[in-house]
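Derivation of every value follows stated rules applied to the coordinates shown; laboratory data play no part. Keep in mind that what you see is a predicted model, and the values were worked out from it rather than measured. Here Cβ is always computed from backbone atoms with ideal geometry, including for glycine, and neighbour counts include all displayed protein chains.
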Amino acid sequence: MEHTGLVFNIQKFCIHDGPGIRTTVFLKGCPLKCRWCANPESQLERSQLMLDRRKCVRCHRCVAACPNGGIRPDSETGYPVFDRELCQGCGSCVNACLGNGEKALTMEGQRMTAGEVLKEVLKDEVFYKSSGGGVTFSGGEPLKQMDFIRTIAKELRKRGIHTACETAGYVTEEEMKEAVSCMDLFLFDMKHYNGEKHLEGTEAVQENILNNLSLVLDSGCKVISRIPVIPGFNNEEADAHGFGRLLKSMGIREVHLLPFHQFGEGKYERLGIAYQMAGIPSMKPEELTGMKEIMEQYVECVQIGG
């Protein structure tokens, strides 16, 4: 039986997720709970409804269409209210939606076979070959769907197409070993250098992540560390030194500092969930210059942005 995965986006002509022109395959499901997450639709391992109120005409066709009675109109605003525990991801409400010019309801996450994804990403094979690009698996945490991405990645490598994976490393040792067998590059997210702060910000124990990072480094695979720089969490001068010492001790030679942004803020509203970073200004790249200069004392190549 062919492996399937839960995919919420396939983004083409990416230039920040590895070398050359790339296609990035985003998979749902993540064991971390980062409060600044820019892709909240990636967190749960199931399909999710998103409602854009600007496009909703309050026709209530979605209410009638739900086979489980999981949608009702709000008594005051008239906008649909969802019992998300009753949602089975059937898409009936999305199909019924009239919207205002385009659908107000979308379903994030669809089940796809490895063959379907492979067919889609190979449409741009000529661009990968001409630019030295390839395919990147992201998420969520793509390595939680290891059988699925291994099937795709191995077929890509047979065709000489570069494979990369953006991971936070919070997976089993076995899953990481499987990833090493089929990836050319790891874009390894690091949230903090201090274990207690890491647990506070992500609800995940750091020890497992560092062990997996060591495993990848020992394998000889190329690793680029990525640090999301978050105001009030890891953006102070002391943090730059802390990250630098850790990365140097592990033999990391390249790190990308990713300034906090608010591109995903509207997604929280459309998902009907609270956003803990609401109202905090995005960081400008030049705000990370000082952090970059400090970390260059420890790491050979430091750049701002992916």
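Structure data summary
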quantity: Estimated [θ] at 222 nm from DSSP helical runs (n ≥ 4, -39500 (n - 2.57)) normalised by residues in the chain, nearest 500; calculated: -8500 deg cm²/dmol
quantity: Among beta bridges that DSSP assigns inside the chain, antiparallel share in %, nearest 5; calculated: 35 percent
quantity: Unsatisfied cross-links (Cα-Cα over 25 Å) in the set K222/K284; K144/K292; K12/K267; K222/K267; K144/K191; K177/K248; calculated: K222/K284; K144/K292; K222/K267
quantity: Cα-centre dipole for the range 48-108 with unit charges at Cβ (Lys and Arg positive, Asp and Glu negative), debye to 20; calculated: 200 debye
quantity: Mean separation of Cα contacts under 8 Å (6+ apart) over length of the range 1-96, as relative contact order %; calculated: 19 percent
quantity: Nearest 10 degrees, 0 to 90: helix 206-219 Cα axis against the chain principal axis; calculated: 60 degrees
quantity: Sparse-neighbour loop sites [GluC sites (Glu not before Pro); the range 85-115; at most 11 other C-beta within 10 Å; DSSP]; calculated: E85, E102
quantity: Spherically averaged projected area of the range 48-108 from its Cα convex hull (nm²); calculated: 3.6 nm²
quantity: Those residues of the range 244-259 whose amide nitrogen sits under 13 Å from the label point placed on E287, 7 Å along Cα→Cβ; calculated: 258-259
quantity: Cα-projected label distance for S181 with R72, points at 7 Å along beta-carbon direction, nm; calculated: 5.1 nm
quantity: Highest to lowest packing among 78-84, 281-287, 192-198, 36-42, scored as the average C-beta count within 10 Å; calculated: 36-42, 192-198, 78-84, 281-287
quantity: Degrees, to the nearest 10: 146-158 long Cα axis against longest axis of the chain; calculated: 60 degrees
quantity: Candidate aspartates and glutamates - alpha carbon under 14 Å from K103, same-chain residues fewer than 8 apart omitted; calculated: D52
quantity: Label-to-label distance, nm, for residues given as H16 and Q297 (7 Å Cα→Cβ offset); calculated: 2.9 nm
quantity: Pairwise label distance in nanometres, E203 with A64, each label 7 Å out on the Cα-Cβ vector; calculated: 3.9 nm
quantity: Given charges at beta-carbon only (K, R positive; D, E negative), |dipole| of the range 228-274 in Debye; calculated: 220 debye
quantity: Estimated translational D of the range 142-254 in µm²/s (Stokes, Kirkwood radius over Cα pairs; 4 °C; 1.567 mPa s); calculated: 88 µm²/s
quantity: Highest to lowest packing among 224-231, 236-243, scored as the average C-beta count within 10 Å; calculated: 224-231, 236-243
quantity: Options Q276, T163, S92, ranked by Cα towards positive dipole end of the chain, top entry (Cβ charges); calculated: S92
quantity: Test item: Cα-centred dipole of the chain, Lys/Arg +1 and Asp/Glu -1 on Cβ, debye; calculated: 980 debye
quantity: For F148, F13, order by how many other beta-carbon atoms lie within 10 Å, fewest first; calculated: F13, F148
